[in-house]
1. What are the pairs, 6+ residues apart or on separate chains, where a residue within region 74-102 that is polar (S, T, N, Q) has its Cβ under 8 Å from a residue that is in a helix (DSSP H, G or I)?
2. What number of residues within region 266-284 satisfy the criterion of being at pLDDT below 90, within 12 Å of the ligand (Cβ to nearest atom) and of a type in the set (D, E, K, R)?
3. Of all the residues that make up region 103-119, how many are in contact with a His (Cβ under 6 Å, 6 or more places away or on another chain) and either more than 15 Å from the ligand (Cβ to nearest atom) or without any contact (Cβ under 8 Å) to a residue 40 or more places away in the chain (or both)?
4. Among (1) more than 22 Å from A136 (Cβ to Cβ); (2) open to solvent by 10 Å² or more (accessible area, probe 1.4 Å); (3) without any contact (Cβ under 8 Å) to a residue 60 or more places away in the chain, which single condition is Q387 missing?
5. Against the condition in a loop (DSSP other than H, G, I, E, B) and not hydrophobic (A, V, I, L, M, F, W, C), how does D345 come out, does it pass?
6. Looking at region 228-303, what strands (runs of 3 or more DSSP E) fall wholly within it and have at least 1 residues that are touching a Phe, Trp or Tyr at 6+ places or on another chain (Cβ under 7 Å), closer than 20 Å to V137 by Cα and aromatic (F, W, Y)?
7. Could you identify the single residue in E143, E121, E116 that is under 22 Å from the mean Cα position of the chain (by Cα) and either more than 22 Å from G260 (Cβ to Cβ) or open to solvent by 20 Å² or more (accessible area, probe 1.4 Å) (or both)?
8. Tell me the residue from L240, L219, L212, L225 that is open to solvent by 20 Å² or more (accessible area, probe 1.4 Å) and more than 16 Å from the ligand (Cβ to nearest atom), please.
Amino acid sequence: MAESVIQLKCNCNSYPWGKKGKQSLAARLCSQTNPDFEIDDSKEYSEMWFGTYPELPAYSLKTGQDLQEILKEQKDKLIGKKVHDRFGADLPFLPKILSIAKALPLQIHPDKKLSEKLHEEDPEKFSDPNHKPEIAVALSKFEAFVGFKPNADVQELMRIEALEDFLPKKADGINVSDEETLRQITTNMLKADEKTVESTMKKLQSTPKDQLGKHAYILDLIPRLKDQYGVTDNGNLVALICMNFLVLDAGQALYIPADGIHAYLSGDIVECMARSNNVINTGFCPRADRDSVDLFTRALTFKQHDPDEPILDRKQSDKGRNGKTVELKPPMSEFNMLVTELSKDEKETIEAVQGPSTLIVTSGSGKLSAGGQEHDLPEGSIFFIGQGVEVKYTAKDILVVYRAYAE
Ligand SMILES: [Zn+2]
C-alpha cells in the first residue's frame, strides 16, 4: 500500500537559454534532493520538472518508482474520485522551476481545439491534445514579454519612420479592425528577411530617446537582445514593438492564457501549467527551429492588453489556518497554487485538499507533518501529497513552500 506522502527526486533539462552550472537555481534545487544528479559547471540547466509528464518524470526518492505508476496503482487513494473523473489517473498539472539566462523562444500554446487537431496531424511534435494555460511566479527579479500592447501604444510606436514598411497597405476607404491591423503588422515582422530586420533594428537604436516616451526602455533592451539571438532575429521586432514588457519582483505572479503570446527574458521562476507540452515557436531561436509563421499567427489571439492585466492577485487562502498562505488562482485552468511563507519557528496548517498536489521548498527549511508522519523539509525537497491529507509545516529558520494542486 503506497503512502500518501511521497518524497520525490526530479531532473533538469538543458535548453540553451538556461543558466550555467551552479548559477541555475533549477539545478541547485534539483541536486539537493536527487543523489544521482550532479551539476556540471559547463552545462546550461533550464528547467526542473516535478510532475508526471513522460519527457522528464518524477520518481519516488525511496523506491525509485515512477510517480505516474504509483498514481495509476493507487488512484482512488492518491488522486480521489473527483479529479480522477475529470482528468484520469494523473497529475492534471505540471510544475517546474525555470532558471532563465536569455530569452525563451517567442511562443504560444495552442488552445484545446487546435491542440487536438495538431496532435492528430503530428503526434511526434505535438505530444498531447491538451491546452496549456500557465502561471509564472518570480523567485528573483523576472523580466518577460507578455501579450500585445494596448492599441494606442502600438500605433504610437508604428509612427517611427523605421517601422513604416511593416504597416499593412490600406486600400482606400476600407476600415480594418485594430486586431486585424496588429495581425498584419506581426505577420510582416515575422516574415521579414534578415537584412530588413537588421536595418530596422539599427534605425530603431538611433531613434532619439524622447521620441519613444514611455517606451524608451526599448533602447536598453536592443543591445541585450542583439547579444542573445543576433540582430536578425524576427522575434526582436515583435517583442519590442508589439508586446508588453513586464518586470516582476520576487513573489509576484503572472498568468498566460492558452493561445497568448509570451517570451520570458530573465530570472528564476516557479512555473505551473496544465499537463501539456504543446508549443508553437517563432523567433528567439535558430531559424531552423521555428514553426511556420502562418501556423503561429493562426493559433494566436490578437487581443490587446494593459501591461498589468496578466498579473495575478495574491489572495490569502482559506486553506491555511494560520493565515500564512496565499493562493494563486489562474482563470480557466486545471490547477491552483498555494504559497506558504514562514519566519523562524512559525507554523502553518493547510486543510486537506480534495485532489493530488506536489510541493517544493524553494528556500529555508523545516518539518512537514502529514499522513501521521513527520518528514524533514530541507531546501530543495519535493513531495507528492495525496488527496484528503492535512499538511503541517514548521519553519526552522525561514521556510517558503510552493504547492500546486487540483481539486
Ligand atoms: Zn510558455
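The values are calculated or read from the model by the stated rules, or taken from the named source; none is laboratory data. Everything quoted here is computed from the prediction, not taken from an experiment. Every residue, glycine among them, receives a Cβ derived from its backbone with ideal geometry; neighbour counts consider all protein chains shown. Calculation scope for accessible area: heavy atoms of the full protein, side chains included, ligands and nucleic acids excluded. Shrake-Rupley method; radii C 1.70, N 1.55, O 1.52, S 1.80 Å.
1. Every condition considered, the pairs that remain are S99/Q23; S99/L25; S99/A26; S99/A27.
2. Summing the residues that are at pLDDT below 90, within 12 Å of the ligand (Cβ to nearest atom) and of a type in the set (D, E, K, R) in region 266-284 gives 0.
3. 1
4. Condition (3) is where Q387 drops out.
5. Answer is yes for this residue.
6. Hits in region 228-303: 243-248.
7. E116
8. L219
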